[in-house]
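The values are calculated or read from the model by the stated rules, or taken from the named source; none is laboratory data. Everything numeric here is computed off the predicted structure, so don't read it as measured data. Here the Cβ positions follow ideal geometry from the backbone for every residue, glycine too, while neighbour counts run over all protein chains shown.
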Amino acid sequence: MNSDLPRGLTPGEIETYHRDGVVLLPGLFDQDWIGLLDQGLQANCENPTDRSRVWDRDPAGRTMFYDSQAWQGIAEYRKFIFDSPAAALAGQLMGASVINFYFDAVFVRSPGSQFATPWHQDEPYWSVEGYDTCTLWMPLVPVKKENALAYVPGSHRLDSVFYQYNFGDLNPDGKAGIDQVDFSHVAETAFPDIAADPQGFGVVSWDMAPGDCVAFNSRIMHGGSGKLAEDRDLRVFTTKWLGDDVRIKFRDCGMDPDHRAVMTERGLKEGQRPGTDLYPQIWRRH
Ligand SMILES: O=C(O)CCC(=O)C(=O)O
């Protein structure tokens, strides 16, 4: 299992990440890492955390399962977070001097699931604030561009505070009160209807194989993944990484989950850099 990046990122890849807020990085994780994550995901699905939730369950029994912050209980996730090239990759992309881990999240669709992830931005839900927040989106099975997560390039630089989707509505099993948010008090602008005109918004997505990843800024508008063919499932492992300018910010609309309680328990305060064993520093520029 190789802990080093198989190659340095090109200046073009780094420029694309900052210009568009998203970049496809093919073949950076070898099959050993993918196999390990697959084992971890299996364990995660068999033993979900109490934060897990089914986002969709259709009449045919097809599901979309979501879980997050499972890494402390899953050895395979921990090994990936501490030993894989992921933190170095985030560090190079963001030009960071240090990288802390924020959290993991998984998105698991059973074959043929027609559920599409609602369009949204991540930062408005998160308990941190800053430009230097990066998600690595890694499918553990092949995925076609029409089923992969999609992005509006450049939308990470928009200043407006958009109304965001209430993910708490995705809860066919009625699991108690998880991730309910109401943006009507904070939003200035309706969220654009990107699904109605993907071409007009310049939406991008890519065919991907296990080992490829997409890195995206948490401010970018993204969504639309899913709508699978009957014989295709989609298992995605994501990690969220924090670069230099990120500070803790508590929000009334926090979810994904809201970290306010666990941060406060660890003695972390608004305005501080996230740290402690909950948000470990994984990488430092030499
Ligand atoms: O994979 C998906 O469907 C959703 C992923 C997502 O929204 C995220 O990682 O922020």
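A few comments on the model shown:
- Subset of the range 112-156 (residues that are within 11 Å of the ligand (Cβ to nearest atom) and either assigned to a loop (DSSP other than H, G, I, E, B) or at pLDDT below 95 (or both)): S113, F115, T117, P118, W119, Q121, D122, W126, N147, A148, L149
- Restricting attention to the range 206-226, the residues that are within 11 Å of the ligand (Cβ to nearest atom) and either assigned to a loop (DSSP other than H, G, I, E, B) or among the basic types (K, R) (or both) total 5.
- Filter result for G177 (closer than 24 Å to D50 by Cβ and more than 17 Å from the chain's Cα centre (by Cα)): yes
- Consider the range 157-181 and keep the residues that are touching a Gly at 6+ places or on another chain (Cβ under 8 Å) and in a loop (DSSP other than H, G, I, E, B). The one that is surrounded by the fewest Cβ atoms within 10 Å (Cβ to Cβ) is G177.
Residues checked against (1) without any contact (Cβ under 8 Å) to a residue 40 or more places away in the chain; (2) surrounded by fewer than 16 Cβ atoms within 10 Å (Cβ to Cβ); (3) within 11 Å of the ligand (Cβ to nearest atom):
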{"site": "V203", "(1), (2), (3)": "no, no, no"}
{"site": "A229", "(1), (2), (3)": "no, yes, no"}
{"site": "P257", "(1), (2), (3)": "no, no, no"}
{"site": "G271", "(1), (2), (3)": "yes, yes, no"}
{"site": "I282", "(1), (2), (3)": "no, no, no"}
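- Residue selected from the range 231-255 under the condition within 15 Å of the chain's Cα centre (by Cα) and among the aromatic types (F, W, Y), by the criterion farthest from the ligand (Cβ to nearest atom): W241
- Residues being at positive phi and either within 16 Å of the ligand (Cβ to nearest atom) or assigned to a strand (DSSP E or B) (or both) - total across the range 89-111: 0
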